[in-house]
Each structure stands twice: as structure tokens, then as C-alpha cells.
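The values are calculated or read from the model by the stated rules, or taken from the named source; none is laboratory data. Bear in mind that the values here come from a model prediction, so they are computed numbers and not experimental data. Ideal geometry is used to build each Cβ from the backbone, glycine not excepted, and the neighbour counts take in all protein chains shown. The accessibility values were calculated without ligands, DNA or RNA, using every heavy atom of the protein model including side chains. Shrake-Rupley method; radii C 1.70, N 1.55, O 1.52, S 1.80 Å.
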Amino acid sequence: MTSAAPSPSSAPRSLPAGRNFGLLTAAAIITSLGTNGALIAAAFAVLESGGDSGDVGLVAAARTAPLVLFLLIGGAVADRLPRHRVMVAANTLNCVSQAAFAWLVLTGDAQLWQMMLLTALCGTGQAFFGPAAEGMLLSSVSAEQAARAFAFFRMSMHGAAIGGAALGGAMIAAMDPGWVLAVDAAAFAVAGALRAFLNVSHIPARAPGGGLLADLREGWQEVAGRPWLWAVVLQFSVVVAVVGAAEAVYGPLVAQDELGGARPWGFALAAFGVGTLGGALLMMRWKPRRLLLAGTLCVFPLALPSAALAVPLPVAALCGVMFVTGVAIEVFGVSWMTALHQEIPEEKLSRVAAYDWFGSVAMVPLATAAAGPVETLVGRSEALWGCAALIVLVTAGVLFVPDVRNLTRRSVVEKISVPEPSRESADAEGSVGGLR
């Protein structure tokens, strides 16, 4: 597969990243700034309304459940309709739901069921937005600029995530959480307006398919027919779930019992964020020829945080481990996006992205729910060593797939040129679970 000449449908987009890429990168930064602050604000809004930690968990689950339920449908819709319209519609839904959430919090009338419903609407919007946005991003740049463009985009998103969390925390300390939610609603409005001005005249009209189920089946065949693709999706269904359990459940507990409280854990997470910025900067310059081999080797370090928490290492050493992990996951992330850009036909990008995302998020609720019982059964340290071992085992298993080892970056001269104008426009809201 990797040595064959590319088909015209998977050939590169000939125009470089330009107006649309810049416009939608700016829009994605705006929404990321708002959303990362709003996630903190939503938790505090629940607590200030009289809820407890269980209620906070219910509101968080209300966001995740529709994401899992509608993600594959969202991918099929995004490949059937103009992607920028799907994105604008999703932004509109998010804007309205967050504005209503803000109003309820500011007036003091927020009930748990209302907060769950509005948060579920946000998750539904993200289920349709995500695949459309990733398809837009992957189809926005020429082959020769893809790696640098994706690295720049990811660096911008990680910076916005760090800034948004810091800004949201500062705003919550100074004012009602409802105002942070209102800012998020305004951010969705501004971003949606920017995306509405996209020039998508270069994207060829998509021929009508045989229906939604046929579109989903075609997307699945695209995934199942590429061993490197389904192998990595299966790998990350385990990796994301295990990392989620370690960082969302065990990490705060270890910090509280062994490291001195929440502040050291905050430092460790900040070090990971800085590492992702460093990794994105690295990938703007480094272009490994064996894309997936380099990326997969850099998944092994994701086992290090679990091992560091199992010991546990001192705070400074833990921060160093988290920094290295952040760098490593960016090498994988940019390599993965470049491989998808190179290998997947443009008209199937959103459906493939939806299956990719679904694989990443499907097992997270199960892993986080099982974390507590597993700790009770075998002990916290043993559970963390088990997390590290699982990451190493599934990553080593992926390396047995020949296409993972051998898929190479094609040079521009190796590619078949496309006679029609290039397909242009870009955006994405970042990686599921913070990994991709």
C-alpha cells in the first residue's frame, strides 16, 4: 500500500495554506479560549448552585454522551453537506446553549437537569463540528506545507487552551461563573461569523450518495481497508482511555496524598502543556520520512506519567516527565495528521475523522468509571503500573503492522497533480482527550 502510486482522489491539494487557513485558525483560537475557561466555569456553576462532586460528574457526562452517540453521524453529514455550513450550524447551537446556560447561572435559577440538558446540546454541537472541522483542516493545505501548517495549528490551539484555562480561572476568581459562560457564547458567535465568510468555491460539489447508512458504511470500509489506520485507531482507544483514567482519577489522588495537594498537579499539567508547544515547534522543522514509525515510537513515552505517579516521583521530576510526554505526543499528532492528509481521499476525510475520534472517546467513560474499583481491588500503585504496561503493550503491538513501519512521506514530485483547482479551507478544535 505505501509504495504504490497515490490515486488522484488522494493526491495533494495544490494551493498553499492561505486566507482560509488563517481565518479559521483565528476562529479556532477564539473558541478554544472560550471553551477551556467555560469547562472550569461549568463545574463551579454546579457547585455554587448547591451541587456536589457527583453532580459535577453528571454534567460532564452529559457533554460526553452525545459526543459518542452522534460523532459518526456527524462525520457522514460533514462529508455530505458543505463542511463550513455544518461548522457554522454547530457554532450557532453552541452559542445559543451556552448563552442560555449563562443566563440561568447569572439569574440564580439554574437547576441540575437544565445544566445537563444545555451541556448535552454543547456536546451534540461538538459531535457535528469536530469531523467537519478536521476535514476542513486536512483539506486546506498543499502537500509540501502540510506538516508545518498542522504543527502551527496545533501549537496555536495548545497555546489557546493554556491561555483559556488561565483566563477562565482568573475570571471565576473575580466574578460570577455565568460571565465566563457568556464569554464562551460570544466566542462561538464570533468564530461562527468568521467561518461563514470562508471561500469554499474551490471545493468540488459532492455527488449525492446512497443515504446516511451507505455513507457510514463507505467510511468504515475506508478505515477497515487500511491496516495502518484501524490499527492506530484501536491503539488509541486503549491509550486515550488509560491516560484519561490515570490523569483524571489517579493523578489528583496521588497529588493530594503524596505530593502536597492540587497545586503540584497543576504544575505537572502545565508542564505537559508547555511540552506540547515545544513539540509543535519541533515538528514545524522536523519532517520524519517514516511518518507513522516516528509517531508510534513517540507514543511509548505516554506510559511515563503513570509510572511516575506509581512511584511517585518528586514534583520536579514529574513535571519533567510530563514535559517530555507533551513533546512526544505532538510528534505523533502532526505525523498522524500528515498521514491522513496524504492517504485519505478528500471526500471521505470527515467520515474517517469521525471513526478516528469515536475510537478515541468510546472507552474513556468505561475506563474512568472502572478506575476506582480497580484501585480498590489491586491498589493504586499497581493500577498505575498496569496503565503504563497497557500503553507499552498496545503500542508495541501496532509496530507489528507493516504499513505502520513502512508508510513514508511522499515528496511533491512523487505525487500525481490534480487538474482541477485545489480544495481550500481549514479548521479544527483540537484533539480528543488532548492527545490528538
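For A132, are the conditions met, namely being surrounded by 22 or more Cβ atoms within 10 Å (Cβ to Cβ) and not β-branched (V, I, T)? Show your work before the answer.
Values: surrounded by 22 or more Cβ atoms within 10 Å (Cβ to Cβ): yes; not β-branched (V, I, T): yes.
Spelling it out, A132 is indeed surrounded by 22 or more Cβ atoms within 10 Å (Cβ to Cβ) and not β-branched (V, I, T).
When A224 is evaluated against the numbered criteria (1) of a type outside the set (D, E); (2) without any contact (Cβ under 8 Å) to a residue 60 or more places away in the chain; (3) open to solvent by less than 20 Å² (accessible area, probe 1.4 Å), which criterion, by number, is the only one it fails?
Every condition holds for A224 apart from (3).
Please enumerate the residues belonging to the range 1-22 that are modelled with pLDDT under 80, in a helix (DSSP H, G or I) and surrounded by fewer than 23 Cβ atoms within 10 Å (Cβ to Cβ).
The answer is P8, S9, S10, R19.
With the checklist (1) modelled with pLDDT of 85 or more; (2) out of contact with any Cys (no Cβ under 8 Å at 6 or more places or on another chain) in hand, flag the one item S201 doesn't pass.
With respect to (1) modelled with pLDDT of 85 or more; (2) out of contact with any Cys (no Cβ under 8 Å at 6 or more places or on another chain), S201 is out only on (1).
For the range 230-267: of the residues being among the charged types (D, E, K, R) and more than 22 Å from the chain's Cα centre (by Cα), which is surrounded by the most Cβ atoms within 10 Å (Cβ to Cβ)? Show your work before the answer.
Step one: filter the range 230-267 for residues among the charged types (D, E, K, R), giving 247, 257-258, 263.
In the following step, the residues that additionally are more than 22 Å from the chain's Cα centre (by Cα) were identified as 257-258, 263.
On the way: D257: 11, E258: 15, R263: 11.
That would be E258.
Mind listing whichever residues of the range 64-118 are basic (K, R), touching a residue at least 24 places away in the same chain (Cβ under 8 Å) and under 16 Å from G192 (Cα atoms)? Talk me through it step by step, then tell me what you get.
So the first thing to find is which residues in the range 64-118 are basic (K, R), and the list is 80, 83, 85.
Then drop every residue that is not touching a residue at least 24 places away in the same chain (Cβ under 8 Å), which leaves 80, 83.
Across the range 64-118, the qualifying residue is only R83.
Looking only at residues in the range 326-368 that are closer than 15 Å to L71 by Cα, among the β-branched types (V, I, T) and at pLDDT below 85, which one is least open to solvent (accessible area, probe 1.4 Å)? Walk me through it before giving the result.
First, pick out the residues of the range 326-368 that are closer than 15 Å to L71 by Cα: 348-364.
Still in the running and among the β-branched types (V, I, T): 352, 361, 364.
Those left that are additionally at pLDDT below 85: 361, 364.
On the way: V361: 10, V364: 41 Å².
The extreme case among them is V361.
Looking only at the range 102-123, how many residues end up being touching a Lys or Arg at 6+ places or on another chain (Cβ under 9 Å) and surrounded by 21 or more Cβ atoms within 10 Å (Cβ to Cβ)?
Here the count works out to 3.
If you take the residues in the range 369-391 that are surrounded by fewer than 16 Cβ atoms within 10 Å (Cβ to Cβ) and under 24 Å from the mean Cα position of the chain (by Cα), which one is modelled with the highest pLDDT?
Checking each candidate, the answer is A389.
Wholly within the range 228-314, which helices (runs of 4 or more DSSP H) include no fewer than the required count, namely at least 2 residues that are in contact with a helix residue (DSSP H, G or I) (Cβ under 9 Å, 6 or more places away or on another chain) and over 28 Å from F153 (Cα atoms)? Break it down into steps so the answer makes sense when it comes.
Details: elements: 251-254, 262-283, 291-297, 304-310.
Where helices (runs of 4 or more DSSP H) fall fully within the range 228-314 and carry at least 2 residues being in contact with a helix residue (DSSP H, G or I) (Cβ under 9 Å, 6 or more places away or on another chain) and over 28 Å from F153 (Cα atoms), they are 251-254, 262-283, 304-310.
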